[in-house]
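Everything below concerns the one structure shown next.
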Amino acid sequence: MNETQVQAAPAATVATTTQPVETPAAPVAQNKPSMLGSFVPMLLILGIFYFMMIRPQQRKEKERRKMIEELRAGAHIIAAGGIVGTILEAKEKTFVIETGDKSTVEVLRSSVQGIVTAEGNQAK
């Protein structure tokens, strides 16, 4: 056999089917809440917290400060720690009070918890 007579064996046919390659689609826009929409619940919670807890406490403290400023000699008070006495002298930052056993004690104005009424109860 001659080289020209040799027939080449048919090459294995490879089936090349070209399918279109899917390119990744653009990301689908998700329904994300806006920045404002996510802050509204937080603002509502803070508003409720302010009106239910902070504001009443501030009002109570303001009334207490006013009560302490108006105290004069002769007022029957209760101080922190349960000390009960009558104010003898009102100084700038302290009160000199007389307790039940005729001893005198000097207490800070800020330690006054309230005024004691004639019945022995603490006034509001």
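FYI, it's all coordinate maths here, none of it is from the lab. Small disclaimer: the values here were computed from a predicted structure and weren't measured. All Cβ positions, glycine included, derive from the backbone under ideal geometry; neighbour counts span all protein chains shown.
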**Packing-based order for 40-47, 105-112, using average beta carbon neighbours within 10 Å, highest first** = 105-112, 40-47
**Request:** Rank the residues 65, 72 as a footprinting-exposure proxy: fewest other Cβ atoms within 10 Å of their Cβ go first.
**Result:** 72, 65
**Prompt:** How large is the charge dipole for segment 72-124, taken about the Cα centre, if only the Cβ atoms of Lys, Arg (+1) and Asp, Glu (-1) carry charge, to the nearest 20 debye?
**Reply:** 180
